[in-house]
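J.: Can you keep this structure in mind? I'll have questions shortly.
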Protein chains: 2
Amino acid sequence: MNAAVNPTESAATSGVVAQVEALGRAARAASRRMAEAEPGAKNAALHAIAEGIAARRAELNEANSRDLEAGRERGLDAAMLDRLALTDARIDTMIEGCRQVAGLPDPVGTISDMAYQPSGIQVGQMRVPLGVIGIIYESRPNVTIDAAALCLKSGNAAILRGGSESLHSNQALAAIIQAGLEQAGLPREAVQVVPTTDRAAVGALLRMPQYVDVIVPRGGKGLIERVSNESQIPVIKHLDGVCHVYVDGGADADKALAVAVNAKTQRYGTCNTMETLLVHADQAEAFLPRLAAALGEHQVSLRGCARTRAILAESGADIAEATEDDWVAEYLGPILAIRVVDDLDMAIDHINTYGSHHTDSIVTEDYTRARRFLRAVDSSSVMVNASTRFADGFEYGLGAEIGISTDKLHARGPVGLHGLTTLKYVVFGDGHVRG
Amino acid sequence: MNAAVNPTESAATSGVVAQVEALGRAARAASRRMAEAEPGAKNAALHAIAEGIAARRAELNEANSRDLEAGRERGLDAAMLDRLALTDARIDTMIEGCRQVAGLPDPVGTISDMAYQPSGIQVGQMRVPLGVIGIIYESRPNVTIDAAALCLKSGNAAILRGGSESLHSNQALAAIIQAGLEQAGLPREAVQVVPTTDRAAVGALLRMPQYVDVIVPRGGKGLIERVSNESQIPVIKHLDGVCHVYVDGGADADKALAVAVNAKTQRYGTCNTMETLLVHADQAEAFLPRLAAALGEHQVSLRGCARTRAILAESGADIAEATEDDWVAEYLGPILAIRVVDDLDMAIDHINTYGSHHTDSIVTEDYTRARRFLRAVDSSSVMVNASTRFADGFEYGLGAEIGISTDKLHARGPVGLHGLTTLKYVVFGDGHVRG
């Protein structure tokens, strides 16, 4: 947009920029205090927030009703309205979530590996907050609490920008969070919700490296791509999940069937759902008809390579042909691509070439091939004899997650409290100088 | 540049882009093999490279002479020509460097923290290479060997783009590196030097996220800013070093003097050199005249706040006034800014506000204030009673360093082999599925 063409819009935009910058300055100041906050104070704030949500349930319902009503008027579809709704069950989950995060070990300030060096200095690393985290998400208001709780516990300040549809719900939650912070003697500005639905606010947030240390987008691919492209701040992002199960030669067929069915059907819309199954040629004839029958019960439609189609045709099933597009597809639905491979190398090549480096599992009883798969598959989670659906911060014992990173730098895979911190070097001397 | 305006240049550029993409494809393929390479093979390659440099010293000298001659013809200044020269001492250092890196523990493939989870799966993390690392540097040809050795040892493939002035030297070194890789049974393409001085090659390298996982620029601020702005690939970068020494109330004056003089004068042009000294008001009258005298012997010129100037005026020294510009200046020369502060809070505020979050040291005998400084100063290295000059991969025991990161994400401070790797999750099951 050329400012000269539309001075009114430009003035409005510069107002939003100033507003977001003010949030940034306040967040930076709050982050300094949060970095020094004691675990007890942070946990007290989390419990106060949990109590605040419970005590102000009626207010929350009222604010959420306003969002839902506006959403219906704007013609949001049923799925969007469902995500937007703060049901009693979701409110209970938010309360429980705050209490769980309060119960996690506090990672901030731990010092590790202090070791004396030849010069006589002693060097180690201290775990510290990243600083200010900007979180950009879509219409689920419960993300406001999840994200605030994790940022608070990890000693960061957060600037939250939820979807415009959930503005009233988010404002009501922000009031509860800030009251909880204050009650615990912590700065209110440690968690701020952007108080405008103006889209220019997102652009402004992405252009304040002086105030914001990292951006975490949570939502669909469109949002994540926009944020990644525009951001002048490092992004911890979560892109596609094109996950594989490879059924090795000599695999235990019962385990393979259980893992494959669970990985495909336990939930269709999640990033850790299997999208392509690879099977060793030695196993294919026995395994594929059993798999097709089991997935048939779940109405999963199959697409296969030529060998897969030939094998299934013998048992009377006529499935569609899988093309190159299928190997890279994230269906997020009841569809599975199947390919017969000659050996482990071909399976690894397929996964590294067509996959999204998210989560891949081998089903095998062979020690050497299991070890090789773990080493050679370049994904954020590699598994042996387990469903890809386990790739999740809770299942991994992180206690909570802010997302699953498909980046290689900093945090790879499920991101919990550690992923929201970094390490600085600590040096102890006694007047030491460098020679 | 508009392609329509200059079709010839555009055709040339697209030729360079294709050339760099070919390097990228080859590097990606090589990175798969390097990720699985055994420590013995990688170390054999490093020793073969060391031997190759020793055996082909005459060829290296000849190639370097051509670069130096061309540099003199192009009117490079003495400092540039000095950096470009492969002296016998520098060649010896490269040989020794390869052997040292071979001797470091191999970080790749280590599995840590395997722990059973409530579901019965066992989860931990494996350290793995980042993949393909692009390194963009200026005219020092010894960086070619340093960078290649670290990338090789950490199981990555490297694409190296040195300054155009050093092209012949870098090509000669590349031939030695590739011969060493081949001798050890590793892919030649694990280390490639961009074989053109065309500046478009840098742009092309920064726009291949499909082939390159991280970019490491090494050089002056201009280079690093250009790379950071243009790159579509994550950058591990090293910006300013505005480092502080804070002399606390009750500090041991002899330690403070030793640390301050070393931090300022041991080398002027390095990023971990002190640029501003802060001193507690209680110490200032006794300490500043001693400091001024000691730094006077090194011809360091001083710039001070009003209180500093008043104190030094009493001992007959008339120093320049420090302005806001001085508090953010990276002098890289014999200049020091000095400020008297009222207390620790003011020192911490000054450092966090004006510093570059690189390296800051407190000189103190006070337990509580030392502990507070370590926690509250938001820098990649925080020190007690030690010279800021220690912020260095060798001094920290990393064995080597590819640079000092001023970023918070991934690697903060000196970056050694660990900084060139990442962690993936490893999950073991026995046919486990998610409930």
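J.: Would you mind pulling out the separation of the Cα centroids of segment A:338-353 and segment A:171-247, in Å?
T.: 37
J.: Here is a follow-up. For the cross-link pairs A:221/B:237; A:408/B:237; A:424/B:42; B:221/B:264; A:237/B:221; A:424/B:237, which exceed 23 Å when the distance is taken from alpha carbon to alpha carbon?
T.: A:221/B:237; A:424/B:42; A:237/B:221
J.: Another question, if that's okay. How many partner chain Cβ atoms sit within 10 Å of a residue's Cβ in peptide B:350-358, on average, as a whole number?
T.: The shielding value for this peptide is 1.
J.: Please report, for residue A:39, the nm distances (one decimal) from its label point, 7 Å out from Cα along the beta-carbon direction, to the equivalent points in the remaining copies, shortest first.
T.: Inter-copy label distances (nm, one decimal, shortest first): 3.4.
J.: If you keep only loop residues by DSSP, which chymotrypsin sites (Phe, Trp or Tyr not before Pro) in segment A:328-435 have at most 16 other Cβ atoms within 10 Å of their Cβ?
T.: The qualifying sites are A:394.
J.: Would you mind checking the tilt of helix A:39-55 against the longest principal axis of the Cα atoms of chain A, expressed as 0 to 90 degrees and rounded to 10?
T.: Around 80 degrees separate the two axes.
J.: Residue A:182 label points, 7 Å along Cα→Cβ, one per copy: pairwise distances from this copy to the rest in nm, shortest first?
T.: So the distances to the same position in the other copies read 7.3 nm.
J.: Just to be sure I understand: of the beta bridges DSSP finds with both ends in the protein assembly as shown, what percent are antiparallel, rounded to 5?
T.: Around 25 percent antiparallel, to the nearest 5.
J.: Take every Cα-Cα distance within the protein assembly as shown, group them into 10 Å bins from 0 onward, and report for each bin the whole-number percent of pairs it holds.
T.: Per 10 Å bin, starting at zero, the Cα-Cα P(r) for the protein assembly as shown comes out as 2, 11, 19, 22, 22, 15, 6, 2, 0, 0, 0 percent.
J.: Any chance you could give the angle, 0 to 90 degrees and rounded to 10, that helix A:221-230 forms with the longest Cα principal axis of chain A?
T.: 50
J.: Compute the semi-axes of the equivalent ellipsoid of segment B:339-386, taking the square root of 5 times each eigenvalue of the Cα gyration tensor, and list them largest first in whole Å.
T.: After scaling each eigenvalue by five and taking roots: 15, 13, 9 Å.
J.: Among rounded, prolate and oblate, which fits segment B:243-395 when a ≥ b ≥ c are the square roots of the eigenvalues of its C-alpha gyration tensor, a/c under 1.5 means rounded, and a/b larger than b/c means prolate?
T.: Rounded.
J.: Next question. Relative contact order for segment A:300-367: what percent, with Cα pairs under 8 Å and sequence separation of 6 or more?
T.: So the answer I get is 34 percent.
J.: Next question. Heavy atoms of the protein only, probe of 1.4 Å, neighbouring chains included. What is the accessible area of residue A:356 in Å², nearest 10?
T.: Taking all protein chains as shown, residue A:356 has close to 20 Å².
J.: Here's something else I'd like to know. What's the angle, to the nearest 10 degrees (0 to 90), between helix A:88-103's Cα axis and the longest principal axis of chain A?
T.: Rounded to the nearest ten degrees, it is 80.
J.: Now a separate question. Given the Cα atoms of chain B, and with Rh set as the inverse mean 1/r over their pairs in the Kirkwood sense, what is Rg to Rh to two decimals?
T.: A ratio of 1.03.
J.: Using all Cα-Cα distances in segment B:150-256, what percent lands in each 10 angstrom bin from 0 up to the longest?
T.: Bin by bin from 0 Å, the calculated values are 12, 34, 28, 10, 9, 6, 0.
J.: Now a separate question. Find the relative contact order for chain A and round it to a whole percent, using C-alpha pairs within less than 8 Å whose residues are 6+ positions apart.
T.: Over chain A, the number comes to 17 percent.
J.: OK, next. Give, to the nearest whole percent, the P(r) tail of segment A:121-174 beyond 19 angstrom, counting all Cα pairs.
T.: Taking all Cα-Cα pairs of segment A:121-174, the fraction more than 19 Å apart is 36 percent.
J.: Moving on to the next point. Let me have the relative contact order for segment B:243-395, percent, based on Cα pairs under 8 Å that are six or more residues apart.
T.: Rounded, it is 33 percent for segment B:243-395.
J.: Further, regarding this structure: Per-residue ellipticity at 222 nm for chain B, helices alone: DSSP H runs ≥ 4 residues times -39500 (n - 2.57), over residue total, nearest 500 deg cm²/dmol?
T.: -14000 deg cm²/dmol
J.: Now, a different point. Report the one residue of A:301, A:250, A:394 whose Cα lies farthest in the direction of the positive end of the charge dipole of segment A:243-395 (charges on C-beta: Lys and Arg +1, Asp and Glu -1; origin at the Cα centre).
T.: It is A:394.
J.: With a 1.4 Å probe, what is the total accessible area buried between chains B and A, in Å² rounded to the nearest 100?
T.: That pair hides around 5800 Å² of surface in total.
J.: Between the label point of residue B:118 and that of the same position in each other copy, find the distances and list them shortest first in nm, with every label point placed 7 Å from Cα along the Cα-to-C-beta direction.
T.: 5.1
J.: Can you give the Kirkwood hydrodynamic radius of segment A:1-160 from its Cα pairs, in Å with one decimal?
T.: So the Kirkwood estimate lands at 18.9 Å.
The values are calculated or read from the model by the stated rules, or taken from the named source; none is laboratory data. None of the values given here were measured: they were computed from a predicted structure. Cβ atoms come from the backbone with ideal geometry, glycine included; neighbour counts cover every protein chain shown. These accessible areas exclude ligands, DNA and RNA; they are computed on the full protein's heavy atoms, side chains included. Shrake-Rupley method; radii C 1.70, N 1.55, O 1.52, S 1.80 Å.
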